[in-house]
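**Q** Provided herewith is a single structure, encoded as structure tokens, for subsequent inquiry.
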Amino acid sequence: MTPPEVRVLLVEDNPSDALLVRAFFERAESEFTAASEAATLAEAIAALRSHEFDLVLLDVGLPDARDLEALEAVCSEAPEIPIVVITIKEDEALGRLAVEKGAQDYLSKTRISPEVLFRSLRYALDRQRRKAVEEALWRAQKMDAVGHLAGGVAHEFNNLLLAIKASAELVRMDLPSDDPMREDLAEIERATDRAARLTRQLLAFGRKQPQQPEVLDLNEVILGMDALLRPAIGEGIEVVTRLEPELGRVRADRGSIEQVVMNLALNARDAMPDGGILTISTRNASSHGPAGDLPDGAVELAVTDTGTGMDQETLGRVFEPFFTTKPQGRGTGLGLSAVHGIVQQSGGDIAVKSTLGEGATFAVRLRRVEDEPEEPRKSGPPTAGSGTILLVDDEEVVRNVAARMLRRSGYEVMETGSAAEAIAVADEFPSTIHLLLTDVVMPGGSGPELADELRASRPDMKVVFMSGYTREHLPIDRVEGSSAVLLEKPFAGADLLRTVEDVLTE
Ligand SMILES: Nc1ncnc2c1ncn2[C@@H]1O[C@H](COP(=O)(O)OP(=O)(O)O)[C@@H](O)[C@H]1O
Ligand SMILES: [Mg+2]
């Protein structure tokens, strides 16, 4: 980092005294730029109104202010800026009075020594540091608040999108293959997908995205994305992968990590409108990489581009939600906010390095784990099913579309809107219920509680939970004897059918 720049306002009417102070500042050049000067109180006030300062050196004997009038005026004009008063000769009493009235310190004209001036500068530096800390805190709080808000809204949206998408899907399935309305329905589905991607970013940023952490080989995730990445990046940009052969494993949600890589890659693309090189690299702690050293026990995934790079101001704001430098319609300002949310949710962190005009590197660091990746779950196409499903969701739209989807595929479906209702229906039902498909968070009794209760008398009943909330926030792992299956909202009809099929044929 460059040393902080201390901006000093010197208010002094005596040219030779001013010269002394100025000479000192010039020698200590590395700490700050040249001081601004004012010879009267009026000039000082005008300067304070038009520029920012970190320190005021104030002579108390000004032509347009008597005694401590100038101090009072400066104090009320800029109450948060430290003021060091310059007194005449050895007037200790006046100096102390000035400190009582709000000055940070005083120095006397016969002793304008470097030490005293350095001390003055320290006041300014302390203030800058305090301001930086306050600003960082404020930013973190803002991120948190907006994250909560965004996550909450996105959750509601998910349910609605689910209903829209599934309804369009259902209508389309009923139409003959040459019906012209199919095109319009496909358009609705495409728009819903786009909206779902947006809510996905919002959920990720709000750390409310459902996570199914598994042991991952990041190299394998990156290579698996090739077919997705190339067309998204487009021509004119060379995509290079530099993957560490013996890369450590991490535990994270595969879909979320793909979202991270995609967001970083798209930003890299946008930063290289005239082409360039996009490098995706991985490494273990101990090896040296593009973003400096890596702490022990970490695995890094870095995305580097040779694009426009960023200035300091942009660099400081990139993770802010809705911060974008792209024209309207091009940027949402949510990409890096989502990346940030995901990385935090995965217990990692992210570092950025960039020089204006020379490109940028975003490096995600995750904790290394010693386990081996599990076998990927097989997922064939959904097939026609049979069996009885008890469906519980307090959201009517979700319940309706899910029920229609399942019935169409051949399942018997009993629909209920609450845990109590579900228990009543089950009590009345004499034969087997193969599957309980339930929302997790519902007023009047949660999905897991309902599952516990029903399984007491129906131990073979399978359970699938549906939720837009994160797995960690859900009390579903305690459901006895079941490795609870979680279906993330919004799900497409095909996801629902595949999950139900998988669970029933397990
Ligand atoms: N690789 C990069 N090179 C230069 N600037 C970047 C890069 N990645 C992100 N930025 C800056 O960060 C901003 C925020 O990025 P992001 O959150 O993904 O939102 P968006 O891409 O929608 O603008 C971008 O508008 C851009 O100014
Ligand atoms: Mg982006």
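**Q** Taking GLY255 as the residue in question, decide whether it is closer than 17 Å to VAL215 by Cα and surrounded by 18 or more Cβ atoms within 10 Å (Cβ to Cβ).
**A** So GLY255 fails the test.
**Q** Still on this structure, please answer the following. Any idea which residue in the range 421-455 is nearest to the chain's Cα centre (by Cα), counting only those that are farther than 21 Å from THR499 by Cα, exposed (fewer than 13 other Cβ atoms within 10 Å of the Cβ) and in contact (Cβ under 8 Å) with a residue 12 or more places away in the chain?
**A** Among those residues, the one meeting the criterion is PRO443.
**Q** Residues LEU71, LEU58, LEU121: which one is surrounded by 18 or more Cβ atoms within 10 Å (Cβ to Cβ) and at pLDDT below 80?
**A** Result of the check over LEU71, LEU58, LEU121: LEU121.
**Q** Out of all the residues in the range 318-366, which are within 19 Å of ARG283 (Cβ to Cβ), more than 10 Å from ligand 1 (Cβ to nearest atom) and surrounded by 16 or more Cβ atoms within 10 Å (Cβ to Cβ)?
**A** VAL343, SER346, GLY348, ILE350, LYS353, ALA363, VAL364, ARG365, LEU366
**Q** Okay, next question. Given LEU247, LEU243, LEU278, LEU301, which one is within 16 Å of ligand 2 (Cβ to nearest atom), within 24 Å of GLY348 (Cα to Cα), touching a residue at least 12 places away in the same chain (Cβ under 8 Å) and not β-branched (Val, Ile, Thr)?
**A** Of LEU247, LEU243, LEU278, LEU301, the one residue that is within 16 Å of ligand 2 (Cβ to nearest atom), within 24 Å of GLY348 (Cα to Cα), touching a residue at least 12 places away in the same chain (Cβ under 8 Å) and not β-branched (Val, Ile, Thr) is LEU278.
**Q** If you don't mind, there's one more thing I want to ask. Among the residues of the range 196-211, is any aliphatic (A, V, I, L, M), assigned to a loop (DSSP other than H, G, I, E, B) and in contact with a helix residue (DSSP H, G or I) (Cβ under 6 Å, 6 or more places away or on another chain)?
**A** No, that holds for no residue.
**Q** Within the range 399-420, restricting attention to residues that are farther than 16 Å from PHE465 by Cβ and of a type in the set (D, E, K, R), which residue is surrounded by the most Cβ atoms within 10 Å (Cβ to Cβ)?
**A** Only one residue tops the list, namely GLU415.
**Q** What number of residues within the range 371-396 satisfy the criterion of being more than 22 Å from ALA426 (Cα to Cα) and either within 30 Å of the chain's Cα centre (by Cα) or at pLDDT 95 or above (or both)?
**A** The number of residues fulfilling the criteria is 6.
**Q** Right, VAL343: away from ligand 2 (no atom under 13 Å from the Cβ) and outside the structural domain of PRO273 (by TED's automatic domain parsing) or not?
**A** So VAL343 does not fit the description; no.
**Q** Within the range 228-274, count every residue that is part of a loop (DSSP other than H, G, I, E, B), in contact with a Leu (Cβ under 8 Å, 6 or more places away or on another chain) and within 11 Å of ligand 1 (Cβ to nearest atom).
**A** The number of residues fulfilling the criteria is 1.
**Q** Okay, next question. Within 13 Å of ligand 2 (Cβ to nearest atom), at pLDDT below 90 and among the charged types (D, E, K, R) - does that describe any residue in the range 362-370?
**A** The answer is no, given that none of the residues of the range 362-370 is within 13 Å of ligand 2 (Cβ to nearest atom), at pLDDT below 90 and among the charged types (D, E, K, R).
**Q** Would you confirm whether any residue within the range 286-296 is within 15 Å of ligand 1 (Cβ to nearest atom), touching a residue at least 12 places away in the same chain (Cβ under 8 Å) and either surrounded by 15 or more Cβ atoms within 10 Å (Cβ to Cβ) or outside the structural domain of GLU488 (by TED's automatic domain parsing) (or both)?
**A** yes
**Q** Say we look at the range 321-338 and pick out the residues that are hydroxyl-bearing (Ser, Thr, Tyr) and part of a loop (DSSP other than H, G, I, E, B); which of these is farthest from ligand 2 (Cβ to nearest atom)?
**A** That would be THR325.
Residue-by-condition table, conditions (1) under 22 Å from the mean Cα position of the chain (by Cα); (2) within 23 Å of PRO321 (Cα to Cα); (3) not aliphatic (A, V, I, L, M):
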residue: ARG119; (1), (2), (3): no, no, yes
residue: ARG127; (1), (2), (3): no, no, yes
residue: VAL146; (1), (2), (3): yes, yes, no
residue: LEU149; (1), (2), (3): yes, yes, no
residue: HIS155; (1), (2), (3): yes, yes, yes
residue: LEU185; (1), (2), (3): no, no, no
residue: ILE188; (1), (2), (3): no, no, no
residue: LEU202; (1), (2), (3): yes, yes, no
residue: GLN212; (1), (2), (3): yes, no, yes
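Yes or no, residue by residue, for (1) at pLDDT below 85; (2) surrounded by 15 or more Cβ atoms within 10 Å (Cβ to Cβ); (3) touching a Pro at 6+ places or on another chain (Cβ under 8 Å):
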| position | (1), (2), (3) |
| --- | --- |
| SER113 | yes, no, no |
| ARG130 | yes, no, no |
| VAL133 | yes, no, no |
| GLN141 | yes, no, no |
| HIS148 | yes, no, no |
| HIS155 | yes, yes, no |
| ASN158 | yes, yes, yes |
| ALA168 | no, yes, no |
| ASP178 | no, no, no |
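**Q** So ILE277 ticks every box in (1) out of contact with any Lys or Arg (no Cβ under 6 Å at 6 or more places or on another chain); (2) hydrophobic (A, V, I, L, M, F, W, C); (3) assigned to a loop (DSSP other than H, G, I, E, B); (4) surrounded by fewer than 20 Cβ atoms within 10 Å (Cβ to Cβ) but one. Which box is left unticked?
**A** Of everything listed in (1) out of contact with any Lys or Arg (no Cβ under 6 Å at 6 or more places or on another chain); (2) hydrophobic (A, V, I, L, M, F, W, C); (3) assigned to a loop (DSSP other than H, G, I, E, B); (4) surrounded by fewer than 20 Cβ atoms within 10 Å (Cβ to Cβ), ILE277 misses just condition (3).
The values are calculated or read from the model by the stated rules, or taken from the named source; none is laboratory data. Remember, it's a predicted structure, so these values are computed and weren't measured experimentally. Positions of Cβ are generated from backbone atoms using ideal geometry, with glycine treated the same way; all protein chains shown enter the neighbour counts.
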